[in-house]
1. Would you mind calculating the gained length between residue 63 and residue 49 on full extension (0.36 nm times residue separation, minus the Cα-Cα distance), in nm to one decimal?
2. Would you mind calculating the gained length between residue 14 and residue 79 on full extension (0.36 nm times residue separation, minus the Cα-Cα distance), in nm to one decimal?
3. Treat each spin label as a single point 7 Å out from the Cα along the C-beta direction, and report the residue 7 to residue 87 distance in nm.
4. For the stretch 35-91, what does the alpha-carbon gyration tensor say about shape, rounded, prolate or oblate, given a ≥ b ≥ c as the root eigenvalues, a/c under 1.5 as rounded, and a/b over b/c as prolate?
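Read-outs: derived from the displayed coordinates by stated rules, not from any lab. None of the values given here were measured: they were computed from a predicted structure. Cβ: placed from backbone, ideal geometry, glycine included. Neighbour counts: every protein chain shown.
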């Protein structure tokens, strides 16, 4: 009986220690904001690409004039490029950090 209580206490302590970062507001905010922004931008990009595809289908089915198609496609392409630039900016610090680490290792090897 005592062993069972000690085991449950140990499991509860381990679970509390493991899950504690998720209850820290600063950790949740930092993790969720970057993740949500990237997720939202990825979703926007997919929606824009689908809209372009639908637009091409509408042109093929003669539901719109070519002038309207070109104008709407240009607008959608500009929006898509903006979303992709924002995604690149979000990923840049990670890539920059990896490049700095590689450069430092290279410098150590050379010296």
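1. Gain on stretching residue 63 to residue 49: 3.1 nm.
2. 18.7 nm
3. Label at residue 7, label at residue 87, 4.9 nm between them.
4. Judged from the Cα gyration tensor, the stretch 35-91 comes out prolate (a/c at least 1.5, a/b above b/c).
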